[in-house]
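Structure, as structure tokens:
None of the figures in this text is laboratory data; all of them are computed from the coordinates on show. What you see is a predicted model; the values in this text were computed from it and never measured. Glycine gets a Cβ as well: all are built from the backbone with ideal geometry, and neighbour counts include every protein chain shown.
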Amino acid sequence: MQQWNELARECEDPGAMDESAREMVWILEGWGRSDEARTLEIRRAAEFDEQLPLQFF
């Protein structure tokens with residue numbers, strides 16, 4: 001997923017960048033790496049979503 005994300009950035013493909021980041025979040029959550037997943041999701045949402053997600057801790 002990281003390689004796909006990097007290639008999407010090089011090709012300036014926002015759809016692929018967003019989708020690969022979403023997949024990485026899902027994978028990190030599945031691996032129990034919630035803090036990393038949350039950080040990546042916040043970055044992804046800031047770049048691609050029209051509205052930032054509310055973070056409830």
### Distance (nanometres) between label positions extended 7 Å along Cα→Cβ at M1 and I42
1.8
### About the Cα centre, charge dipole magnitude for the chain (Lys/Arg +1, Asp/Glu -1 at Cβ), debye
260
### Task
Rounded to the nearest 10 degrees, what's the angle between the helix 34-48 long axis and the longest principal axis of the chain, both from Cα atoms, 0 to 90?
50
### Query
Which of L7, M24, A37 sits closest to the plus end of the dipole of the range 2-48, meaning its Cα is farthest towards the positive end, when Lys and Arg get +1 and Asp and Glu get -1 on the C-beta?
A37
### Query
Using the alpha-carbon atoms, what tilt in degrees (0 to 90, nearest 10) does helix 14-30 show relative to the longest principal axis of the chain?
40
### Message
Given contacts defined as C-alpha pairs under 8 Å and at least six residues apart, what's the relative contact order of the chain, whole-number percent?
### Response
25
### Query
At what distance in nm do the modelled label points of R22 and E50 sit from each other, each positioned 7 Å from its Cα along Cα→Cβ?
1.5
### Task
Starting from one equal scatterer on each C-alpha and no solvent at all, send me the Debye-based log10 I(q)/I(0) for the chain at q = 0.14, 0.15 Å⁻¹, two decimals.
-0.36, -0.42
